[in-house]
Ligand code: R5P
């Protein structure tokens, strides 16, 4: 791997743990102003200090993220569909020169295995990896799951492996039972999406199970910014991802931080 590409990747996957807490706020690219992200600037401001990287479109990056922000940007460069159309038919929406202008640490797109847009989105992945390799920018492939796809080890394993074979430098997918088997069969790091909002304990349990199964972290959105206490939640997730916190310890940390105990809010979380 070229030095520049490896360096960008290690800005996301923190060298101390090899893991990452990515904050996903790209949902508006097909969902519009979804609940909790109506005003991205307001949602993001308190969370930025706690995220290892930010997954975002160029529009929200330019308008809602201060240029002083000291965190790597994983730039979503695919889209072209909405909740009113066939979601799988995404194309590339953002040129690599613009990603470079925006100082992106990585590029990301969705691929839709088993859906009408399968061929096009996988070919897009190939083109993006070619461009990323040319410029030293890693590519995160997001395995999007259509309503009719079962989120099981067979399907997710297939989708993730195809992404790695085409050259994705890391892959995002959903957690499933036997997730170890997905991880084993994919030779690049895997991060998991959070999915729909769950009770905080369940979301922390999901993170914990994914990390134990070998995930390199999370790329989480709704379970953080739709939480009653987004900052407490992202800090509890980070405790699981980076500090090996148990589910119980992370839940306690969430409760304590969300009650606003200011001394603890400043202290590092422990297991
Ligand atoms: C979905 O289209 C986006 O790529 C999100 O970034 C992804 O689903 C992760 O967000 P969440 O944790 O809300 O599922």
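The values are calculated or read from the model by the stated rules, or taken from the named source; none is laboratory data. As the structure is a prediction and not an experimental result, all values here were calculated from the model. Because the Cβ atoms are built from the backbone with ideal geometry, glycine has one as well, and the counts that use them run over all protein chains shown.
What to note about this one:
- Hits in region 102-121 (condition: under 19 Å from the mean Cα position of the chain (by Cα) and buried (at least 18 other Cβ atoms within 10 Å of the Cβ)): 104, 105, 106, 107, 108, 109, 110, 111, 112, 113, 121
- Here 217, 195, 221 are screened, and the one residue that is modelled with pLDDT of 95 or more and on the phi > 0 side of the Ramachandran plot is 217.
- Any pair with Cβ under 8 angstrom, 6 or more apart, that starts in region 213-227 at a residue that is under 11 Å from residue 195 (Cα atoms) and without any contact (Cβ under 8 Å) to a residue 40 or more places away in the chain and ends at one that is near the ligand (Cβ under 6 Å from one of its atoms) and outside any helix (DSSP H, G or I): 223/194; 223/195
- Among residues of region 165-183 being closer than 23 Å to residue 105 by Cα and more than 16 Å from the chain's Cα centre (by Cα), the one that is farthest from the ligand (Cβ to nearest atom) is 165.
- Candidates 238, 245, 203 - the one that is away from the ligand (no atom under 16 Å from the Cβ) and modelled with pLDDT of 95 or more: 245
- Selection count where residues are outside any helix (DSSP H, G or I), away from the ligand (no atom under 15 Å from the Cβ) and crowded, with 17+ Cβ neighbours inside 10 Å, scope region 18-59: 1
Rundown of residues vs (1) within 25 Å of residue 168 (Cβ to Cβ); (2) surrounded by fewer than 24 Cβ atoms within 10 Å (Cβ to Cβ); (3) in contact with a strand residue (DSSP E or B) (Cβ under 6 Å, 6 or more places away or on another chain), yes/no style:
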position	(1), (2), (3)
192	yes, no, yes
195	yes, yes, no
198	no, yes, no
202	no, yes, no
210	yes, no, yes
223	yes, no, no
227	no, yes, no
236	no, no, no
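- Within region 1-17, considering residues that are over 15 Å from the mean Cα position of the chain (by Cα) and assigned to a loop (DSSP other than H, G, I, E, B), the one nearest to the ligand (Cβ to nearest atom): 17
- Filtering region 116-164 to residues that are without any contact (Cβ under 8 Å) to a residue 60 or more places away in the chain, under 18 Å from residue 191 (Cβ atoms), in contact with a helix residue (DSSP H, G or I) (Cβ under 7 Å, 6 or more places away or on another chain) and more than 16 Å from the ligand (Cβ to nearest atom) leaves 129, 153, 157, 162.
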